[in-house]
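Inspection log for the structure reproduced underneath, given as structure tokens.
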Amino acid sequence: MDSYFGAMLNSMIHVMMYSYYALALFKIPCPWKRFLTQAQLGQFTSVVIYSIVCIAMWGEKRGWKEVTCIAIQVGEMTSLFVLFARFYKKSYSKKSKKSEDECSKAMGAISTSATEGLKSAAKSASKVM
């Protein structure tokens, strides 16, 4: 289970992320947008705690390779936690009252461009027939 814990959490988070992107693409308000960032912060924290517990449970069986891998993972999770915490604070603090975030704007632009392209293709096809 040691090697699968972080991957399992990451997979669950990515299912939520891609669901959010799909909703944003179709301009459907996402009820769990804020929760998604909280879940990511929880993921990073859980992986760090789990890694430290695993090192403690291994006892004398741990070697320098295992400790190095755990140290790298803890460093990565810590840096991601800091980055996502800054994003969370910036996005959801009371001072920041944006109606749309940058991702929603970009997804809206993509959706609009795709719709216009389909309309143009339909007009061209009807002229040919």
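Where a number appears in this text, it was derived from the coordinates with a stated rule and is not lab data. These figures come from a predicted structure and were not determined experimentally.
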Subject >> Stokes-Einstein translational diffusion, the range 5-97 - Kirkwood Rh over all Cα pairs, 1.002 mPa s, 20 °C, in µm²/s >> reply: 143 µm²/s
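How much length would be gained if the chain were fully extended between M12 and V67, taking 0.36 nm per residue of separation minus their Cα-Cα distance, in nm to one decimal? Present the calculation step by step, with values, prior to reporting the outcome.
On the way: separation 55, 0.36 × 55 = 19.80 nm, distance 2.62 nm.
17.2 nm is the gain from fully extending M12 to V67.
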**OP:** Pairs to check: K27/K94; K33/K94; K33/K89. Give those whose C-alpha atoms are more than 19 Å from each other in this structure.
**Re:** K27/K94
